[in-house]
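One structure is given below, encoded as structure tokens.
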Amino acid sequence: MSRERLIEVKDLSFRYKADAPLSLDRVSLEVYAGEWLAIIGHNGSGKSTLAKCLNGLILPETGTVLVDGLNTRDEDAIWEIRRRVGMVFQNPDNQFVGTTVQDDVAFGMENHGIDRDEMVKRMASALKLVNMEGTENREPHRLSGGQKQRVAIAGIIALQPSIIILDEATSMLDPKGREDVLSVMHELNKTKGITVISITHDLDEAAGSDRIIAMEKGRIVLSGTPREVFQHPERLLELGLDLPFAIKMRQALSEQGIAVSPDAFSEEELVEELWKLKSTI
Ligand SMILES: Nc1ncnc2c1ncn2[C@@H]1O[C@H](COP(=O)(O)OP(=O)(O)OP(=O)(O)O)[C@@H](O)[C@H]1O
Ligand SMILES: [Mg+2]
């Protein structure tokens, strides 16, 4: 993974109203080009507020947010920042503006003044990348939740972004829809080098990321690789978070007197450990 810094957040604080408590409290964070970063944290811990600061939807009260060196406070840069940092939100039904898939994917491109021929090319290639080719004339409201989110992603891809933020973008989907959206995103991350920030309550999903940060009361309170973060299950529970399936399983086994290596934190590793145990019986 390249260590080129794509986003630099320094001492960022934000509150929604002058007399409200801080929703972000001196947050500093770097996001590297090509990585998949998961942001976890209890409801109201500041995850969405941080995401909105990263693409300049809201501006810092104090501190700075730089995207590829562009400052979100710089009015001349904001349009370019919004193009580079795409956001997919939780509710697939709130993201549509047009009556056909084509209108929707074109919407962002039209706003960014991309010419017609280029738009046609990018539309076809973006829909292909999210496995929705040939759906240009379909009506968005007739699509499944997972398909809707993939069309929303196509609209972002068409703008050739550096980074896509998924703000609980799979939480309203059924397991198949979730799987489809995540596999498309993993593919875009791997083959196109698109950086992904995934805000999620699903700790199994976070386990598949390169790095995790956990937030509490507007601050980053834990940060590390999944392996590092899941070494402290008690801390995650304190933060009001669930645990990945493999960790819960390991704990249940240990309560039964079956000790599994604390290094096993993915389902695959757990299965491997259980095989080893089985052969010793
Ligand atoms: N539009 C708003 N106006 C006023 N306060 C807000 C607004 N949006 C969020 N807040 C407050 O800011 C804090 C952080 O909220 P935020 O939505 O960033 O949390 P979150 O971690 O995304 O939570 P969730 O997991 O529920 O999506 C909370 O105290 C919340 O009540
Ligand atoms: Mg949120």
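The values are calculated or read from the model by the stated rules, or taken from the named source; none is laboratory data. No experiment lies behind these values; they were computed from the predicted model shown. With ideal geometry, Cβ positions are generated from the backbone for all residues, glycine too; neighbour counts draw on all protein chains shown. The protein model used for the area step is the full one, side chains on, heavy atoms only, and it has no ligands, DNA or RNA in it. Shrake-Rupley method; radii C 1.70, N 1.55, O 1.52, S 1.80 Å.
The set of residues in the range 196-211 being of a type outside the set (A, V, I, L, M) and away from ligand 2 (no atom under 16 Å from the Cβ) consists of ASP204, GLY208, SER209, ASP210, ARG211.
For ALA264, indicate whether it is surrounded by 13 or more Cβ atoms within 10 Å (Cβ to Cβ) and in contact (Cβ under 8 Å) with a residue 24 or more places away in the chain. Break it down into steps so the answer makes sense when it comes.
Details: surrounded by 13 or more Cβ atoms within 10 Å (Cβ to Cβ): yes; in contact (Cβ under 8 Å) with a residue 24 or more places away in the chain: no.
Against the criterion (surrounded by 13 or more Cβ atoms within 10 Å (Cβ to Cβ) and in contact (Cβ under 8 Å) with a residue 24 or more places away in the chain), ALA264 does not qualify.
Where in the range 163-229 are the helices (runs of 4 or more DSSP H), entirely inside, with at least 2 residues that are hydroxyl-bearing (Ser, Thr, Tyr)? Don't jump to the end; show me each part of the working.
Numbers: elements: 175-191, 203-207, 226-229.
Once the helices (runs of 4 or more DSSP H) in the range 163-229 are filtered for at least 2 residues that are hydroxyl-bearing (Ser, Thr, Tyr), what remains is 175-191.
Look at (1) away from ligand 1 (no atom under 13 Å from the Cβ); (2) in a loop (DSSP other than H, G, I, E, B); (3) within 20 Å of ILE164 (Cα to Cα) and you find that MET109 fails only one, number (2).
So that you can scan it fast, the table gives a plain yes or no per residue for (1) of a type outside the set (Lys, Arg); (2) more than 25 Å from VAL31 (Cβ to Cβ):
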site: ARG73; (1), (2): no, no
site: ILE78; (1), (2): yes, no
site: ARG83; (1), (2): no, no
site: MET87; (1), (2): yes, no
site: THR99; (1), (2): yes, yes
site: HIS112; (1), (2): yes, no
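Scanning the range 153-160 for residues that are modelled with pLDDT of 95 or more, open to solvent by 30 Å² or more (accessible area, probe 1.4 Å) and within 25 Å of TRP36 (Cβ to Cβ) turns up at least one hit. Of the residues in the range 77-115, how many are more than 24 Å from THR49 (Cβ to Cβ) and acidic (Asp, Glu)? Going through the range 77-115 one residue at a time, the tally reaches 4. Any residue at all in the range 59-70 that's surrounded by 20 or more Cβ atoms within 10 Å (Cβ to Cβ), more than 16 Å from ligand 2 (Cβ to nearest atom) and touching a residue at least 60 places away in the same chain (Cβ under 8 Å)? Yes - at least one qualifying residue is present in the range 59-70. Can you name every residue in the range 34-54 that is open to solvent by less than 10 Å² (accessible area, probe 1.4 Å) and away from ligand 1 (no atom under 14 Å from the Cβ)? Answer for the range 34-54, where residues must be open to solvent by less than 10 Å² (accessible area, probe 1.4 Å) and away from ligand 1 (no atom under 14 Å from the Cβ): GLU35, TRP36, LEU37.
The residues of the range 83-99 that are within 15 Å of ligand 2 (Cβ to nearest atom), open to solvent by 60 Å² or more (accessible area, probe 1.4 Å) and touching a helix residue (DSSP H, G or I) at 6+ places or on another chain (Cβ under 8 Å) amount to a single one, PHE89.
Filter the range 109-150 down to residues that are within 17 Å of LYS192 (Cβ to Cβ) and either within 25 Å of the chain's Cα centre (by Cα) or open to solvent by less than 20 Å² (accessible area, probe 1.4 Å) (or both), then give me how many there are. Walk me through how you get there before you give the answer.
Step one: filter the range 109-150 for residues within 17 Å of LYS192 (Cβ to Cβ), giving 121-133, 150.
Going one step further and asking which of them are either within 25 Å of the chain's Cα centre (by Cα) or open to solvent by less than 20 Å² (accessible area, probe 1.4 Å) (or both), we end up with 122-133, 150.
Qualifying residue count for the region: 13.
In summary, GLU269 fulfils each of the numbered conditions (1) touching a strand residue (DSSP E or B) at 6+ places or on another chain (Cβ under 9 Å); (2) open to solvent by less than 70 Å² (accessible area, probe 1.4 Å) with the single exception of condition (1).
Residues LEU29, LEU37: which one is within 19 Å of the chain's Cα centre (by Cα) and within 16 Å of ligand 2 (Cβ to nearest atom)? Explain how you work it out, then say what you get.
Working: LEU29 fails: within 16 Å of ligand 2 (Cβ to nearest atom).
Just one listed residue meets the conditions, LEU37.
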